[in-house]
1. Any idea what the dipole of the range 253-392 comes to, in debye rounded to 20, about its Cα centre with Lys/Arg Cβ at +1 and Asp/Glu Cβ at -1?
2. Over the range 274-364, what is the mean sequence separation of C-alpha contacts under 8 Å (at least six apart), divided by residue count, expressed as relative contact order in percent?
3. At 7 Å along the Cα-to-beta-carbon direction for both Gln311 and Ala246, put a label point, then send me their distance in nm to one decimal.
4. Karplus couplings for the range 242-256 from phi (6.51 cos²θ - 1.76 cosθ + 1.60, θ = phi - 60°), rounded to Hz, Gly and Pro as x?
5. Based on alpha-carbon centroids, what's the gap between the range 220-260 and the range 289-326 in Å, whole number please?
6. Calculate, in nm to one decimal, what Asp138 and Ile327 gain on full extension: separation in residues at 0.36 nm each, minus their alpha carbon distance.
7. Between Thr363 and Gln221, what FRET efficiency comes out of the Förster formula 1/(1 + (r/R0)^6) with R0 = 45 Å and r the beta carbon distance, rounded to 0.05?
Amino acid sequence: MCEYYLSKTISIKNAIRTLVLADCYAKRLMDFSVDKMEKSYSYANKHSIIYEWEIKEATSFIIFSTTSIEGPGKIKSPTFSTGSRNNDQWHLVFEVMGDTRLLPNYNVTNIYLTSVSKCKPKAECRVFILNKNRDKHDFSFSVVSHPYEKYVTGCFIDADSWDRFDNYFDGGTLPVSDLLKKKDEFLPNGTLTISVDLTVYDDHVSLSNTKIPLKTKATDQMIEDFKKLFITKEGSDVFIAIDDKAFPAHKCILMARSPVLYAMVLHENLKNEVKPGIFQKILEFIYTCEIENLDDHAEELLKAAHKYELQGLREICEYSISDTLTIKNATRILLLAERYNAKLLMDFSTNFIIANFIKIANTEEFEALEESHPSLYLRLLKRKYTTDMKNE
């Protein structure tokens, strides 16, 4: 009894102290101490582009730049964007540096990806050049080491990185001699083609936490006693026939745990209601507050919990099903939650869909939702819109 009342006082501040106390004196209190949990979702939409830039007469430009005394030669690409919410704007810069009279071994070409917008987006990029067959190659393909080479062709950039690198990303450095040696492959007809794979991430959106119960544990002596009755069947005063199988039970326990089921048993209305295997699981929960291999039968048991008004069974089924959410099954599970008025599962599936909206919206199941469940479809769109607006 003391363990039970102490469990009701568990808070953020005293959880560790209570856990230590339980470890020393009270095994059941240990169960209470770790029997609370929350789930939430954070997500960031991403926007990707593969941008190609052809530089005509690139061979002539490279040769001229290496012999000119005017300094580095630079060419900027047109501006492009991934279309992210941050209105990102970019251009590529191709630069040739060197003076053959002063630094004969250090004539190099550089590629930069530069942000020209006011925002400092989180981005991931990789720079390539295309050969005559349009195959991608890392820009720094030289096998000879040069002091100016960085061999950096892929990077994740955050806000701090933009400050450190003056708003540009170094896509790689390549000696002019190496590029000209392979001009037939990489400069066909004098044209250099640069490609960048760029992904920009919106700011993370966090959906509100949803409190969920862990699987109910037998932390009360009365439940331990009920377990014994379930195993021994001692004192059974009713036999419930399901198909060709009879299940012994106790009327008083059925009456206390599920008045709906008890009424159906009295009127013998269960013959075609449920499969024998599922009914065995229902009785197991009624007596023990636990179910072995719950995950294998969670959806069928959720239906039974709804029908027989077994709230505890409903909750552990919802939790079990929520752990199986995927891009493919999210819409089906949402409909399952709607059908059986499973609020916890509805919250989880809704949050999961919003967090993965772009992928799920393209599935056949979600597209069919607009016609089959228009009100639910509109609620999802409204939730998505509201979530996006809050994070503008």
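Where a number appears in this text, it was derived from the coordinates with a stated rule and is not lab data. Computed from a predicted model, the values in this text were never measured in an experiment. So basically every Cβ, Gly included, is an ideal-geometry build from the backbone, and we count neighbours across all protein chains shown.
1. 320
2. Values: 79 pairs, mean separation 20.3, N = 91.
Here the relative contact order equals 22 percent.
3. Placing both labels 7 Å along Cα→Cβ, they lie 3.5 nm apart.
4. Each residue of the range 242-256 in turn: 10, 6, 9, 10, 10, 10, x, 8, 10, 4, 5, 6, 4, 4, 6 Hz.
5. 20
6. 64.7 nm
7. Working: r = 49 Å, r/R0 = 1.09.
Between Gln221 and Thr363 the formula returns 0.40.
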